[in-house]
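What follows is one structure encoded as structure tokens, with my remarks underneath.
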Amino acid sequence: MGILYLKWASSGSSMFVFQQERATARCRRVRHGVIVATGPATEAPLKANQPLTKHDLIDYFLSGCKPKDKWRIGTEHEKFGFEYETLRPIKYKQIASLLNGIAARFEWEKIMEGGNIIGLKKASPSSGNRSISLEPGGQFELSGTPFKTLHQTCDELNSHLYQAKTVAEEMGIGFLGLGFQPKWKPKDIPRVPKVRYNIMQNYFNKNDLPGVESLLMTCSVQVNLDYSSEADMIKKMRTGLALQPVRIHSNVVESSKIPTVSNLDYFNQLAAAIFANSPFSGGAPNGYLSMRSYKVDQVDKCRTGMLPFVFDDTFGFEQYVDYALDVPMMFVYRGNKYIDCSGMSFRDFMAGKLPAIRGQVPTLSDWENHLTTIFPEVRLKRYMEMRGADGGTSDMLCALPAFWVGLLYDEVSLHNVLDMIADWTPEERQNLRNMVPMTGLRTQFQGRLLRHVAEDVLKWAKDGLDRRGLKESNFLDPLKDVVGTGLTPADKLLDMYYNKWENNVDPVFRERCY
């Protein structure tokens, strides 16, 4: 392991040894000594009689450092609800009945806002905390318990789908596993009555940003993972960003069985290509294999994207804090109410300069809330969120955490990836972005096919899971076909659309129904 570390340090970053020593020392001197499980952020106590400092914000991330035996796997996934008879998105009244039905039958606690049910939560001594929440367009989201094994994570997913489907089917409702709404337009999507989302939509509208469509029309799946130190976070952040999203644009040729790909947007990141599953919008092919990924990237350039500063030699917790401090705020939460403070920065807040609550300064809870309004491909909290994958079938939902756990929770696999990406130059990334390949995973890169890069990465993920000794590598099986053929889930849907479905998108509701 030491040899692998030194090899990567010499080939990619001369500052890394210093960073690791600095970060290890930092994690030993965290003032609060808080251990936080992977999962949704919890309410933090007010800091008595003194305002937050930048060091407090850095220490917030440092408090997430955990020894390896405390690392857990948290998953979140969204899905579209639709009416079987009409295929239309379900209205909030139907969503409320669905939530009430699940709460009554399976003993969940209701989450209310202004008299409206907006989610469910359950706490169990044996299985921890989990919640069901609603995205702006009524997307149904499970935020799962942080578990030790992939078996537990996948069992939880299947249990959730069983409970949700048991109640939904009695109401004539199905759940769709895609990354983007395939048939209906934003005007057809019912809004969820949550003040937070109203403020976010107003922010995007006021700033002439296309974020509202992304809020209403997309479904994603993510995995939340832990880090042991600042140095460990840096390695995982770089690996996650380098392998995360390939946004593949395809020129759809109606006579073709499988549409060709004409552009790769950004450089060689594999995860979203492998999981691409959103080729339709407005009832027809949209020219993308992952429309969700494309739309999310357009939301707001100051809060989305690839965070190039992560690859700088000076990157660490402090640099991420500096980035987040200057991302425009959307709201603060005071007295059980959301207060619009769109456009101001957290730096302004720390100086007591928010016009809506002038003179007040933030707590760590405000910092946590602000971090949830930033949407990069990998998001840092007191754990790391690997975002950037389309919603999909249940086996693909289990494959995503398996992919990242195999790479990021195993030192050998992690350093194999770091060695691979260490010599990628900005010029190569730009050249790859400008290439016009036939298909995404058949792109030529550094003298070989991109699919072969994916094969290497998938092998490292499997090896990493095998070394965990928990018999988890079978969860990667759905990815073997994707990488072996070079055909993503989206490619297969497009093939069915042009051949089996006779240019009709409606059958996708049956094909991708849970």
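The values are calculated or read from the model by the stated rules, or taken from the named source; none is laboratory data. All values derive from a computational prediction rather than experimental measurement. Here the Cβ positions follow ideal geometry from the backbone for every residue, glycine too, while neighbour counts run over all protein chains shown. What goes into the accessible areas is simple: the full protein's heavy atoms, side chains included, and nothing from ligands, DNA or RNA. Shrake-Rupley method; radii C 1.70, N 1.55, O 1.52, S 1.80 Å.
Values as computed for the structure displayed
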quantity: Top-ranked residue of the stretch 335-350 - restricted to ones that are open to solvent by less than 60 Å² (accessible area, probe 1.4 Å), at pLDDT 90 or above and of a type outside the set (Asp, Glu), ranked as farthest from ASN202 (Cα to Cα); calculated: MET350
quantity: Given (1) out of contact with any strand residue (DSSP E or B) (no Cβ under 9 Å at 6 or more places or on another chain); (2) open to solvent by less than 40 Å² (accessible area, probe 1.4 Å), number of the condition SER124 does not satisfy; calculated: (1)
quantity: Some residue of the stretch 389-405 being open to solvent by less than 10 Å² (accessible area, probe 1.4 Å), under 23 Å from PRO308 (Cα atoms), small (Gly, Ala, Ser) and touching a helix residue (DSSP H, G or I) at 6+ places or on another chain (Cβ under 6 Å); calculated: yes
quantity: Residue count for the stretch 377-422, restricted to those that are in contact with an Asp or Glu (Cβ under 9 Å, 6 or more places away or on another chain) and assigned to a strand (DSSP E or B); calculated: 7
quantity: Residue under evaluation ILE258, criteria (1) of a type in the set (A, V, I, L, M, F, W, C); (2) surrounded by fewer than 20 Cβ atoms within 10 Å (Cβ to Cβ); (3) modelled with pLDDT under 90; (4) outside any loop (DSSP other than H, G, I, E, B), criterion not met; calculated: (4)
quantity: Residues of the stretch 351-376 that turn out to be aliphatic (A, V, I, L, M), open to solvent by 20 Å² or more (accessible area, probe 1.4 Å), outside any loop (DSSP other than H, G, I, E, B) and free of Cβ contacts under 8 Å to residues at least 40 places away in the same chain, as a count; calculated: 1
quantity: The stretch 448-499, residues that are surrounded by 15 or more Cβ atoms within 10 Å (Cβ to Cβ), assigned to a loop (DSSP other than H, G, I, E, B) and among the aliphatic types (A, V, I, L, M); calculated: LEU487
quantity: Top-ranked residue of the stretch 304-334 - restricted to ones that are modelled with pLDDT under 90 and out of contact with any strand residue (DSSP E or B) (no Cβ under 9 Å at 6 or more places or on another chain), ranked as least open to solvent (accessible area, probe 1.4 Å); calculated: PHE311
quantity: Residue under evaluation THR153, criteria (1) farther than 20 Å from GLY101 by Cα; (2) open to solvent by less than 20 Å² (accessible area, probe 1.4 Å); (3) not in a helix (DSSP H, G or I), criterion not met; calculated: (3)
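Each row is one residue, and each column tells you yes or no for (1) more than 20 Å from the chain's Cα centre (by Cα); (2) part of a helix (DSSP H, G or I).
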| residue | (1), (2) |
| --- | --- |
| LEU157 | no, yes |
| GLU169 | yes, yes |
| VAL192 | yes, no |
| ARG196 | no, yes |
| TYR203 | yes, yes |
| SER214 | no, yes |
